[in-house]
Amino acid sequence: MRILSNDFGGYPYPMQLARALARTGHTVCHTYCASLQTTPQGTLRRLPDDPTDFEVRPLTLGQPLDKYSFVKRWRQEREFGRLVAAEVTDFRPDVVLSANTPLDAQATLLKATRKHGAGFVFWLQDIIGVAAERILKDKVPVIGGAVGTYYVQKEKALLRKSDHVVMITEDFRPIMHDWGVDDARLHTVENWAPIEELPLTAPDNAWAKQHGFDDAFVFLYAGTLALKHNPDLLLQLALRTRDRAKIVVLSQGPGAEWLREQQAAHRLDNLKVMGFKPFAEMPDALAAADVLVAVLEPEAGVFSVPSKVLAYLCGARPILLAVPPENLAARIVDGHEAGFVVPPDDVSGFVERAERLLDDAALRARMGQHARAYAEATFRIDGIAEAMEQVLALAAAEHGTRAAR
């Protein structure tokens, strides 16, 4: 098959999947948005041992994506849709797999795919419309609810028009049924992290020494701090552990900027906001941490599974989560005793469990071992690629049959 793999966010795991599909004999073109500044993108380039029939095409907007200006972002997302649609015309795939793509861009891509006569697989990472409706109606008074409703309807239509839908959790299935998506076209492939790119390294590595973390207890947060996250939890943790631990935040955006302001206001020497780091630095960053932290707002519910948690599981460190208990990430961490999970509005519980981890080295070691064991048993790319390949083959064959008629 000729497969166009599109991932707007430029994350490491879709790149790993695209490469794995190429290694099984398919011709694969991987596209992504190269103009993001608020996403911790992976290493997005060909490697020396990549198959000849594998290529990576970065798609660059006229300006860096302005994630926090709604009107400008809307225009830029539509621009990305036109760019990736042009790649369909140029590459002429048998099937398109598209993930993490804004809905307006996804609509343009689906239209181009249909015009070309290829199959289309919607890789459903977040139910964007529902999340937007829940969050925007509170964050953006008056128009937020209307915008959210618009995107719910758009997402419904796109999912129904897709040949197949790959969900990252079975939690999405009930709403897919409510939206009229045929169950026979629904498949579940849970997300993963590229564990081969996240080897275990020594805690006192060069990265830790460079940043002065080799002689400190470190709570590490690595990833986006956006509308669906609550940076106040990190502030409260820094205030409570002021003389005992460092809170290190590898992020950018409004949440990170707010933390910088609070750091200055409270004179918190133990809170360090550093911005995103290249994915290649993540093994050393995870190893430098004693506890890995992630947060998600209550409104996200089951509709967003933080990918940072999957990378954390590779780090052999305990995980402190403030996420809705029904979220898949919460169930993985809690069910495999890889850390502590508290509701996102339970500030006292969050800090109390952080202090338990701070005080108990044996507990940290046990939870870290459980985390890495889960990752090693679950994040096997060959099996993941085989499952995805079956769905892509169905979409290519079924759409090709319909087109022939």
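Run V391 past the list (1) at pLDDT below 95; (2) out of contact with any Gly (no Cβ under 8 Å at 6 or more places or on another chain); (3) of a type outside the set (D, E); (4) within 30 Å of A22 (Cβ to Cβ) and report the number of the one that doesn't hold.
That leaves (1) as the condition not met.
Looking at the stretch 290-297, can you tell me whether even one residue there is at pLDDT 95 or above, surrounded by fewer than 24 Cβ atoms within 10 Å (Cβ to Cβ) and more than 18 Å from I128 (Cβ to Cβ)? Steps first, answer last, please.
Residues of the stretch 290-297 that are at pLDDT 95 or above, as a first pass: 290-293.
Going one step further and asking which of them are surrounded by fewer than 24 Cβ atoms within 10 Å (Cβ to Cβ), we end up with 290.
Remaining after also requiring more than 18 Å from I128 (Cβ to Cβ): 290.
Scanning the stretch 290-297, I find at least one residue that is at pLDDT 95 or above, surrounded by fewer than 24 Cβ atoms within 10 Å (Cβ to Cβ) and more than 18 Å from I128 (Cβ to Cβ), so the answer is yes.
Out of all the residues in the stretch 304-331, which are open to solvent by 10 Å² or more (accessible area, probe 1.4 Å), over 12 Å from the mean Cα position of the chain (by Cα) and of a type outside the set (G, A, S)?
Result: R317, P325, E326, L328, R331.
Looking at A256, A238, A280, which is the one that is of a type outside the set (S, T, N, Q) and either open to solvent by 10 Å² or more (accessible area, probe 1.4 Å) or in contact with a helix residue (DSSP H, G or I) (Cβ under 7 Å, 6 or more places away or on another chain) (or both)? Can you show your working first?
On the way: A256 fails: either open to solvent by 10 Å² or more (accessible area, probe 1.4 Å) or in contact with a helix residue (DSSP H, G or I) (Cβ under 7 Å, 6 or more places away or on another chain) (or both); A238 fails: either open to solvent by 10 Å² or more (accessible area, probe 1.4 Å) or in contact with a helix residue (DSSP H, G or I) (Cβ under 7 Å, 6 or more places away or on another chain) (or both).
Answer to the check: A280.
Go through the stretch 208-229 and give me each residue that's at negative phi and surrounded by fewer than 19 Cβ atoms within 10 Å (Cβ to Cβ). I'd like the intermediate steps shown before the answer.
Here is the first cut: in the stretch 208-229, the residues at negative phi are 208-211, 213-222, 224-229.
Once the filter is applied, which keeps residues that are at negative phi and surrounded by fewer than 19 Cβ atoms within 10 Å (Cβ to Cβ), the stretch 208-229 yields K209, Q210, H211, D214, D215, A216, F217, A226.
When you scan the stretch 80-95, how many residues do you find that are over 19 Å from S162 (Cα atoms) and open to solvent by less than 50 Å² (accessible area, probe 1.4 Å)?
2
Can you find a residue that is over 21 Å from the mean Cα position of the chain (by Cα), surrounded by 22 or more Cβ atoms within 10 Å (Cβ to Cβ) and in contact (Cβ under 8 Å) with a residue 12 or more places away in the chain anywhere in the stretch 332-345?
no
What about A403, is it part of a helix (DSSP H, G or I), closer than 22 Å to D290 by Cβ and either hydroxyl-bearing (S, T, Y) or modelled with pLDDT under 95 (or both)?
On the way: part of a helix (DSSP H, G or I): yes; closer than 22 Å to D290 by Cβ: no; either hydroxyl-bearing (S, T, Y) or modelled with pLDDT under 95 (or both): yes.
It is false that A403 is part of a helix (DSSP H, G or I), closer than 22 Å to D290 by Cβ and either hydroxyl-bearing (S, T, Y) or modelled with pLDDT under 95 (or both).
Let's see how each residue does on (1) without any contact (Cβ under 8 Å) to a residue 12 or more places away in the chain; (2) part of a strand (DSSP E or B):
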{"position": "N191", "(1), (2)": "no, no"}
{"position": "E196", "(1), (2)": "no, no"}
{"position": "Q210", "(1), (2)": "yes, no"}
{"position": "D215", "(1), (2)": "yes, no"}
{"position": "F219", "(1), (2)": "no, yes"}
{"position": "L225", "(1), (2)": "no, no"}
{"position": "L239", "(1), (2)": "no, no"}
{"position": "D243", "(1), (2)": "no, no"}
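Could you run through the stretch 261-275 and say how many residues are open to solvent by 40 Å² or more (accessible area, probe 1.4 Å) and assigned to a loop (DSSP other than H, G, I, E, B)?
Residues meeting the conditions: 2.
Could you run through the stretch 157-179 and say how many residues are open to solvent by 50 Å² or more (accessible area, probe 1.4 Å) and either more than 30 Å from G223 (Cα to Cα) or not in a helix (DSSP H, G or I) (or both)?
So the first thing to find is which residues in the stretch 157-179 are open to solvent by 50 Å² or more (accessible area, probe 1.4 Å), and the list is 160-161, 170, 174, 177-178.
Okay, now just the ones that are also either more than 30 Å from G223 (Cα to Cα) or not in a helix (DSSP H, G or I) (or both), so 160-161, 177-178.
Total satisfying the criteria: 4.
The values are calculated or read from the model by the stated rules, or taken from the named source; none is laboratory data. Only a predicted model underlies this, so the values are computations on that prediction, with no experimental measurement involved. Neighbour counts are summed over all protein chains in view; Cβ atoms, including those assigned to glycine, are modelled from backbone coordinates with ideal geometry. All accessible areas refer to the heavy atoms of the entire protein, side chains included, with ligands and DNA or RNA removed. Shrake-Rupley method; radii C 1.70, N 1.55, O 1.52, S 1.80 Å.
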